[in-house]
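Working notes, structure below.
FYI, it's all coordinate maths here, none of it is from the lab. Being a predicted model, the structure only gives us computed values, none of them experimental. Counting neighbours? That spans all protein chains shown, and the Cβs are built from the backbone with ideal geometry, glycine included.
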Amino acid sequence: MSKILNVEEANGLVIISTSGYLNKDLGEEIQKVSTEYVDKGSTSFLLNLSQSNIVNSIGASIIIEVIENLQEVDGDLAFCELAPIIEKTFNIMGLTKYCKTFSSQKEALEALS
Amino acid sequence: MSDLSEVYNVLNKKKSLRAKILSLSFFFNQNNYVFKLFCSSTVFSQRFEIQDQTFIKKINFNKVFGEETFKIIDTKDLLYFNELDGFDFQKNGVCSIMYFFKKPVGFLYLFSKNESEDKLLNISQFLSYYFDGIIRQFHMESKLKNKTLTLQNKLLEIESIFNITELLNSHNSNSSDLYQDILFYIISTLNASKAIILLKNIKSGSYDLIASVGVNTEELNKKMIRDTKGILSDLKESKSSLIINNTDDYILSKFSESNCMASPILSQKTLHGAIIAYDKESRQGSSMFDNFDLRLFDNITKKISLSFDNILLLDSLTESKKSIDNIMSSISTGIIKIDILGEIDYINSSATKVFGFDKDIIIGNHYFIIFEGNDRLISLIEKTEIEKKIIFENNFEILDLNKKPLQINLTISPVFDENNDNSGVVLSFEDLSGINKVKSTFKKYVSENIVDELLKNENSLELGGKEEDVCVLFADIRGFTSLSEKMDPPKVVYVLNNYFQSMIDVIFKYSGTLDKIIGDELMVLYGVPIRAENDCQNAVDSAIAMLDSLGDFNKKMNNEGLPQLNIGIGINFGKVVSGNIGSRQQMNYTVIGDNVNLAARLCSSAKGGEISISKSVYEKLNIKDAFTKRAPIMVKGKEKPIDNWSIQN
């Protein structure tokens, strides 16, 4: 149900697209992929959650860890195409304070590239 | 390494504790120092894999450090450390204790072959103080972070309850979309890995999978799920939410890796469904649902149960209303309900058609306004309101919206509620305009009696007959054939139409049924389809009136220069077969039999202006004096001569 659909690099940005429930399993997958790319030198990440319509607090707290790790290497994480329920959860958990959010991947690429 | 400022610079370059320690290790390594930090996991987050947990748990701080805060490792210490098998310590290495709220939680180890004990001690103590502060700060931050996280989680729970409430309020049907949305909120709020919603199929009694997250639905949909055993049976019994650690319900528990929570969806305290959430997630992996989770889960599902109950009730009400509306729309009786305030609160489609009302306009309006111009109707409604008695009115005239008069059969009844309090009146009425139209058209062709009988009893339209006593009258124009040959056909038709009109008016006046017109001959029945007190007397009176009417007719013809007519009439009474004779497409209501033939023979034997009657008629007359017995006549098919009486105009 939950998985990373695609990881691609565009204009120095690592775009991770997911589908399904953003819970512990998917959160850890995102964390693993982001760490791999950080080790290779990438610092800017975009998380496309258009196919994920649900998140729990464990998933959100793992994304917080991803943000912390990226901050240590002066990197950043942005989100695009958040479902209302996910946006609300991210707001409550304070994620959106540290990350930019975009309504579409196109908009994010234009702003972050 | 020259002095402590270099160490300080290394530490200050990094923000996070992990980064500080990693940088410090790198720095000492570059300068040929051996640096190691041993610390309890209760102080640092497990995310920092820099300490040897096994070792720190084994170490006896008192034995190594005594009252001191640092230690230069000697041979005795080496032996002790080697026993613990934690790390390759060196003689003259320096260990400095790290405290956390005055309790030793670990120590720093620093060694260099090239540095003096004093310098090592100096650096080690500096680091010990530095980390002491950092640990305190880190701990406070961690504590704050955990508290914040807890608060955020509580906020999420509250938000979820709000969201679920909003969701339930925004739906007015049990759609699967609603349940799927609910499940999303439940699963994310409870940090569950998977969840399902089952609803009872009223027809089969088994439970259908309505919504799911993270569960193999294909497999589950193949299984028959009932509340006779397992989780659903427990819920049926307890009627409250449960944490289920072990269960024999293989079908519903097989998705669970740790434990699950199940909550009933109740309607009228009966199990109608269930929500099951599986395997709570934690940062460390799968964990167990506890009583706090259960309380939240129970709270959410109680809201769903309440809403489910309301939705069921609403569905049932809608269904009932629809059913009543369908019934009311399909009946031809017009129904108008007026509430206690005199406002119209219901009208069916038949009533709107009769009055020509627009339903949307009249609902909620007072009947004084709606029935404006129908003063009698208004006063009857008022009378019912006051006297609280049913009023019946047949052939009641009303005016429709276009002020066109209509005939209705009206009933106005008071309405009482369950406490026997008056709650308004209901008008029910039959529109007679259709019936009257049929009657008036039909009456041009057949007697009013037959029309009434047909309208009253639809079975009378079936083919077939029955034997009954009937009085049959024949009236024939004498010499009409030769007369018509001398006249223009239009004049013949004109004379005949006028003649028949005069005769039929009389026939209907005496309750006769015009059976048929055969050329210039009239056949009339008395006693069918409606029997009168004395059908023979009616027939004779009718015949006398026909002759009288013929006098008036002849005067009119004379004035118009047209020939006068002369008729003979024959009447007989007896058993005949009456009914609809013909085919389904074309039938006539008539009578057949010997007694019909005898009436025709009597007519033939009568002279112009004469009425000839049989014995059976004569015997039934109230006044017989006017009739004179004639010589018996021979009739075809009869062996004996037939007695007969006559009267001359």
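Ranked from highest to lowest mean number of other Cβ atoms within 10 Å per residue, what is the order of the peptides A:45-54, B:106-115?
A:45-54, B:106-115
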Given the pairs B:200/B:239; A:3/A:97; B:466/B:575; B:13/B:102; A:3/A:24; B:615/B:638, which are separated by over 20 angstrom at their Cα positions?
A:3/A:97; B:13/B:102
Report the relative contact order of chain B, percent, no decimals, based on alpha-carbon pairs under 8 angstrom and at least 6 residues apart.
6 percent
The range B:376-392 to the range B:116-183: how many Å between their Cα centroids?
74 Å
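Would you calculate, for chain A, the mean residue ellipticity at 222 nm contributed by helices, counting each DSSP H stretch of 4 or more residues as -39,500 (n - 2.57) and dividing by all residues, to the nearest 500? Numbers along the way, then the final one.
Numbers: 4 runs with 50 residues, N = 113.
It comes out at -14000 deg cm²/dmol, rounded to the nearest 500.
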Quick one: check the C-alpha center-to-center distance for the range B:60-109 versus the range B:527-552, whole angstrom.
141 Å
What is the distance, in nm, between label points placed 7 Å from the Cα along the Cα-to-Cβ direction at residue B:147 and at residue B:488?
12.3 nm
Give a residue-ordered list of calculated ³J(HN,Hα) values for the range B:270-275 (Karplus: 6.51 cos²θ - 1.76 cosθ + 1.60, θ = phi - 60°; whole Hz; x for Gly, Pro).
10, 5, 10, x, 8, 10
Between residue B:254 and residue B:62, what's the calculated FRET efficiency when r is the beta-carbon distance and R0 is 56 Å? Round to 0.05.
0.60
Ranked from fewest to most other Cβ atoms within 10 Å of their own Cβ, B:129, B:589 fall in the order B:129, B:589
Please average, across the residues of A:19-31, the number of beta carbons from any other chain that are within 10 Å of each residue's own beta carbon, and give a whole number.
3
Quick calc: nm separation of the 7 Å Cα→Cβ label points for residue B:19 and residue B:640 -> 14.0 nm
Distant-in-sequence amide H partners of residue B:565 (H built 1.01 Å from N, under 5 Å)
none
Rg and Dmax of the protein assembly as shown, Cα atoms only, in Å:
53.6, 173
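What 222 nm value per residue comes from the helices of chain B, counting each DSSP H run with n ≥ 4 as -39,500 (n - 2.57) and dividing by all residues, nearest 500 deg cm²/dmol?
Using -39500 (n - 2.57) per qualifying helix, the result is -14000 deg cm²/dmol.
Ranked by Cβ crowding within 10 angstrom, fewest neighbours first, how are B:315, A:74, B:3 ordered?
With the sparsest Cβ surroundings first, the list reads A:74, B:3, B:315.
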For the range A:76-91, Karplus-derived ³J(HN,Hα) couplings (6.51, -1.76, 1.60; θ = phi - 60°; whole Hz; x for glycine and proline) come out as 8, 10, 10, 10, 9, 6, 7, 5, x, 5, 6, 4, 4, 5, 5, 5
When you look at the Cβ of every residue in A:48-58, what mean number of other chain Cβ atoms sits within 10 Å?
5
In the neighborhood of residue A:25, defined by Cβ-to-Cβ distances under 14 Å, what is the net charge if each Lys or Arg adds +1 and each Asp or Glu adds -1?
+1
What lysines sit close enough to residue B:486 to cross-link, taking a C-alpha to C-alpha distance under 28 Å and skipping anything fewer than 8 places away on the same chain?
B:516, B:555, B:556, B:607
Likely footprinting exposure, B:281, B:619, fewest C-beta neighbours within 10 Å first:
B:619, B:281
Roughly how crowded by other chains is peptide B:154-166, in terms of the mean Cβ count from those chains within 10 Å of each of its Cβ atoms?
2
For a protection proxy built on the mean count of beta-carbon atoms within 10 angstrom, sort B:509-515, B:239-245 highest first, please.
B:509-515, B:239-245
